[in-house]
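K.L.:
The structure follows.
The values are calculated or read from the model by the stated rules, or taken from the named source; none is laboratory data. The structure presented is a predicted model; accordingly, all values stated were derived computationally and were not measured. Here the Cβ positions follow ideal geometry from the backbone for every residue, glycine too, while neighbour counts run over all protein chains shown. Areas reflect the complete protein model, heavy atoms only, side chains present, ligands, DNA and RNA absent. Shrake-Rupley method; radii C 1.70, N 1.55, O 1.52, S 1.80 Å.
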Amino acid sequence: MTGMVALYIFMLAAFTGYEVISRVPVILHTPLMSGSNFVHGIVLVGAMVALGHADTTLEKTIGFIGVLLAAGNAVGGYVVTERMLEMFKSSGSRGGRETH
Amino acid sequence: MAEGDIRLLIDASYFVTAVLFIFGLKRMSSPVTARSGILWAGAGMLVATIVTFLYPGMSNYPLILAAIVVGTIVAWWSGKRVAMTDMPQMIALYNGMGGGAAAAIAAVELYRGEEHGLAIATLAVIGGIIGAVSFSGSLIAFAKLQGLIKRSLRFGGQQVLNLLILAGALVLGGLVALHVDASPAVVTAFFVLALLLGVTMTLPIGGADMPVVISLYNALTGLAVGFEGFVLNNAAMIIAGTVVGAAGSLLTQLMAKAMNRSLGNVLFSGFGETAGAEATGVTGSLKPIEANDVGVMMAFAQKVIVVPGYGMAVAQAQHKIWELCQLLIDRGVTVRFAIHPVAGRMPGHMNVLLAEAGVPYDLIADLDEINAEFETADVALVIGANDVVNPVARTDKSSPIYGMPILNADRAKNVIVIKRGKGTGFSGIENALFYLDNTRMLYGDAQKVAADLIQAVKAI
């Protein structure tokens, strides 16, 4: 990936993030913050690569902590988001506003 | 498979992951499709994690597996167990972990001391500082919301100190990035200062502002992940991190706007704690009332508007309150719930709790919808809400919450305030609503009071 291509990806991804959020009702702000919190759990793959290429004990230790934290971010983010959104589903099936 | 084929497989899988993330986030932004959104995004995460094991030239597999297993078990267990009311601090905690992971990636790269290009080295350093600030800052936010840290630490020259720490971290980061001195000692000092900055930045911020701060750290973690993605040449991290960085920044602005304040104001001004003492213009007395009288008042009302706040969340009273409202509805009373954008500790926090209790959406109204209706309401039942119904926000220019949009609960014919004690709200500002002639105070834990009210209504 050249520097310019990386810059384009950065720019387009930033606009995508902005667009996705821009018309969200207030009731979804907390679940969506939680959902985006889960999405940056992708740092897990980076932490895995960093630990996978670690040589010294120091690097391995930091890498291990990194993978541990990243897995916590991804899994914890998923579980709490799923739990919150689960409640929205049940409210909808009770004849809430969005089923009309 | 040849190494080239594996590379292709990994890149293609990361591409699929990026698509699934964006698609999932898009679905999460509408109540109808929200639930499937997290499933799509989860599938993306699974794909990316599995193919990363195939990465060429990796070792330490037992360590990687052990870390993933332990992290997964702990996070799964804690995420399933946490009460809905404690969600904000859990999100802060998980977010901090992500920031810490990004900082850890930067640390491994920087300690290794390989010669990167200037651009990559700079990105590693910036991602490291942002990730470290997000890590320690989120931990402080967690500790504050969890009640582990009670007071906001504030002293003269605090901003100057923060600036000095930031400057120090940037200078050390510059030394490392430019390879003037990238020795382990300098790298260590750099990270220590970055972690310290997160602590000193977050300590002075009052509890009422925590939602905005958590959202900000969420955006920062995204950005840090994106930057470290550039360092590792990992497209999935770049795209996911940047999307979250942008989305989180917008969300942070929306929240600050709902409180009628700028982000700079949230971060750098002493809100509440300093202003609380000099609140002026509050006269009159607090007039207590018994649950029985309130029960009668509500049972024979035409219209009751419920204003829930953090006090309801703390007392876990949402189920009892909904039970009470159902009794009133059965008696022909019109019941609405009025939700302030920043009620609770996060935007939408109250909606989540009421949804948990089973309150249908069409009874829940936001500020713009409901404010005109207070004048026609017989009773406004304020449950553990404080600053969001304080009329001084409309009138008192010297008040720190002046200009914040509030729910006009004071315009109802009768205002009943359920409150645990006589203290002020999280912002520390005296509430003029409590002293109005049409206001009565119903003291006690919200859950117990709600049970008393249910008895009172049933007895009629």
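K.L.:
Which shape class, rounded, prolate or oblate, goes with region B:60-207 when its Cα gyration tensor gives a ≥ b ≥ c as root eigenvalues, a/c under 1.5 marks rounded, and past that a/b bigger than b/c marks prolate?
P.N.:
Values: a/c = 3.13, a/b = 1.21, b/c = 2.60.
Oblate is the answer for region B:60-207, as a/c is 1.5 or above yet b/c matches or exceeds a/b.
K.L.:
Using a simple spin-label model with points 7 Å from Cα along the Cα→Cβ vector, what separation in nm is obtained for A:ARG23 and B:GLU369?
P.N.:
Distance between label points: 1.8 nm.
K.L.:
Nearest 10 degrees is fine. How inclined is helix A:3-22 to the longest principal axis of chain A, computing both from alpha carbons?
P.N.:
That works out to roughly 20 degrees.
K.L.:
Just to compare against my own numbers: the Cα pair-distance distribution for region A:28-93, 10 Å bins, whole % per bin, please.
P.N.:
Bins of 10 Å from zero give 22, 36, 23, 13, 5, 1 percent of pairs.
K.L.:
Next up: So, by mean Cβ neighbours within 10 angstrom, what's the order for B:310-317, B:105-112 with the highest one leading?
P.N.:
On the way: B:310-317: 22.8, B:105-112: 26.1.
Ranked from most to least packed, the peptides come out as B:105-112, B:310-317.
K.L.:
Between B:VAL171 and B:SER36, what is the spin-label point distance in nm, taking each point 7 Å from the Cα along the Cα→C-beta axis?
P.N.:
5.7
K.L.:
Against the longest principal axis of chain B, how steep is helix B:210-232, in degrees 0 to 90 to the nearest 10, with axes from Cα atoms?
P.N.:
For helix B:210-232, the angle is close to 10 degrees.
K.L.:
Give the average, rounded to an integer, of partner chain Cβ atoms located within 10 angstrom of each Cβ in B:210-219.
P.N.:
On the way: counts 0, 3, 0, 0, 2, 5, 0, 1, 6, 4.
Partner-chain Cβ atoms within 10 Å, mean over residues of B:210-219: 2.
K.L.:
Another question, then. Give the interface area between chains A and B as buried accessible surface, both sides summed, probe 1.4 Å, in Å² to the nearest 100.
P.N.:
On the way: alone 8010 and 21670 Å², together 21430 Å².
The A and B chains share an interface burying roughly 8200 Å².
K.L.:
Among B:409-419, B:50-60, what's the highest-first ranking by average C-beta atoms within 10 angstrom per residue?
P.N.:
Numbers: B:409-419: 23.3, B:50-60: 15.0.
Ranked by mean Cβ neighbours within 10 Å, highest first: B:409-419, B:50-60.
K.L.:
Oh, and also: Rounded to the nearest 500 deg cm²/dmol, what is the calculated helix-only ellipticity per residue at 222 nm for the protein assembly as shown, with -39500 (n - 2.57) per DSSP H run of length n ≥ 4? Working shown, then result.
P.N.:
On the way: 21 runs with 348 residues, N = 560.
Computed ellipticity for the protein assembly as shown at 222 nm equals -20500 deg cm²/dmol.
K.L.:
Give me a single rounded figure for B:49-59: the average over its residues of other chain Cβ atoms within 10 Å of their Cβ.
P.N.:
Working: counts 8, 1, 1, 7, 3, 0, 5, 1, 3, 6, 6.
Taking the mean over all residues of the peptide, I get 4.
K.L.:
Here is a further query. Can you tell me the relative contact order of chain A? Whole percent, Cα pairs under 8 Å, sequence separation 6 or more. Can you show the working numbers first?
P.N.:
On the way: 54 pairs, mean separation 28.5, N = 100.
Reported as a whole number, the value is 28 percent.
K.L.:
Give the peptides B:284-296, B:88-100, A:49-61 in descending order of average Cβ contacts within 10 Å, highest first.
P.N.:
Numbers: B:284-296: 14.5, B:88-100: 30.1, A:49-61: 18.6.
Going by the mean number of other Cβ atoms within 10 Å, highest first, we get B:88-100, A:49-61, B:284-296.
K.L.:
Here's a follow-up. How high is the relative contact order of chain B, in percent, counting Cα pairs under 8 Å that sit 6 or more residues apart? Before the final figure, lay out the partial values.
P.N.:
Details: 773 pairs, mean separation 62.9, N = 460.
After rounding, I find 14 percent.
K.L.:
So, one more: Return the average number of partner chain Cβ atoms within 10 angstrom of each residue Cβ along peptide B:75-84.
P.N.:
Details: counts 13, 6, 3, 5, 10, 5, 1, 4, 0, 4.
The mean count of partner-chain Cβ atoms within 10 Å per residue comes to 5.
K.L.:
Right, something else. Classify the protein assembly as shown as rounded, prolate or oblate, taking a ≥ b ≥ c as the square roots of the eigenvalues of its Cα gyration tensor: rounded when a/c is under 1.5, otherwise prolate if a/b is larger than b/c and oblate if not.
P.N.:
Numbers: a/c = 2.56, a/b = 1.76, b/c = 1.45.
Here the protein assembly as shown falls in the prolate category.
K.L.:
In addition: Taking chain B as the reference, fit the longest principal axis to its C-alpha atoms, fit the long axis of helix B:34-52 to the helix C-alpha atoms, and give the angle between the two in degrees, 0 to 90, nearest 10.
P.N.:
20
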